[in-house]
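Asker: One structure, pasted below without further comment.
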Amino acid sequence: MRFGFFDSDGLKLRYFECGEGEPLILIHGLGDCIEGWTFQYEDFSKHFRVVALDLRGFGMSDVPKDITIEDFARDVRNLMDYLGIEKASLLGLSMGGMVCMEFYKQYPERVKTLILANTLHKLPEAGRAMFEQRLKVLESSPDMTQIAEFIAEMSIHQDRPDLKEMVKTIIRKNNKEFYTKVTAEIGNANYEDLLPTIHVPTLVITAEFDVTTPPSLGREMVSLIPNAEIKEVKNAAHLAKLENPEEFNLYIIEFLKRK
């Protein structure tokens, strides 16, 4: 296991690496970081060379002035170049799933498989109100405390104060201005036309109680991606990787072992 830093367009970004075998790159969601995959490393590293990164602006990575999802995809490419990885399986959660889609759009030849977890290809009209509520919380708050509370309550279904505190601790550390800019980018992104062009094995993961990216959205994505598979994690909300890591991890390991 080792932490390190690499250069991505002049920014200093942090990454983490463990295990051996076929490379699996973990791409976190909005406001998250390398530590957010804590419950995945042990299981995944038994089978794969696991690489995670703090995308620009998050965790311990440098914060840029402006941002696009294309920038995040380039961070992943630059890390692969730095580590000498020509082709990899990509696992993206929430915003990280959008980064996976953008990465496939830009660099399809470098993707072996895609795992799109608790994510969205576009903001549905049904989710517009909740999205606007997030922006209002951000605009009315002097720091990240209120949005951290909001995210923890929305993203954790179980009565797990420990998990909610973990989420709040990670979110509170974010740069509010940058976080707000990325939130707006997510709201404007649309990969509906890309999905039918995805021709690598793809697994979509949803969660039973996810109101941020509900199972219906995952089913819509699967209907658009040729030969995609779908799995639903039980007794979990948006952060299924934390609430039910055993099931979440098993679905991914089984999928990758077959590909």
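Asker: Working carefully through the options V200, V182, V211, find the one that is surrounded by fewer than 16 Cβ atoms within 10 Å (Cβ to Cβ), touching a residue at least 40 places away in the same chain (Cβ under 8 Å) and of a type in the set (A, V, I, L, M).
Answerer: Among V200, V182, V211, only V211 is surrounded by fewer than 16 Cβ atoms within 10 Å (Cβ to Cβ), touching a residue at least 40 places away in the same chain (Cβ under 8 Å) and of a type in the set (A, V, I, L, M).
Asker: Can you name every one of the helices (runs of 4 or more DSSP H) wholly within region 202-259 that holds 3 or more residues which are closer than 17 Å to I156 by Cβ?
Answerer: Hits in region 202-259: 240-243, 245-258.
Asker: Next up: So K65 ticks every box in (1) surrounded by fewer than 24 Cβ atoms within 10 Å (Cβ to Cβ); (2) modelled with pLDDT of 95 or more; (3) in contact with a Phe, Trp or Tyr (Cβ under 9 Å, 6 or more places away or on another chain) but one. Which box is left unticked?
Answerer: It fails just one condition, (2).
Asker: Write out, first by first residue and then by second, each pair whose Cβ atoms fall under 9 Å of each other, whose residues are 6+ apart or on separate chains, and whose first residue, in region 139-150, is closer than 15 Å to T169 by Cβ and outside any helix (DSSP H, G or I) while the second is of a type in the set (S, T, Y) and modelled with pLDDT of 95 or more.
Answerer: Pairs that qualify, where the first residue is closer than 15 Å to T169 by Cβ and outside any helix (DSSP H, G or I) and the partner is of a type in the set (S, T, Y) and modelled with pLDDT of 95 or more, are M144/Y179.
Asker: Something else: Could you look through region 25-84, keep only residues that are free of Cβ contacts under 8 Å to residues at least 60 places away in the same chain and among the aromatic types (F, W, Y), and pick out the one that is farthest from E185 (Cα to Cα)?
Answerer: So the residue we want is Y41.
Asker: Right, next: Given the conditions (1) more than 18 Å from the chain's Cα centre (by Cα); (2) modelled with pLDDT of 95 or more; (3) within 28 Å of S223 (Cβ to Cβ), which single one is not true for L116?
Answerer: Just one mismatch for L116, condition (1).
The values are calculated or read from the model by the stated rules, or taken from the named source; none is laboratory data. Worth saying up front: this structure is predicted, and the values here are computed from it rather than measured. Counting neighbours? That spans all protein chains shown, and the Cβs are built from the backbone with ideal geometry, glycine included.
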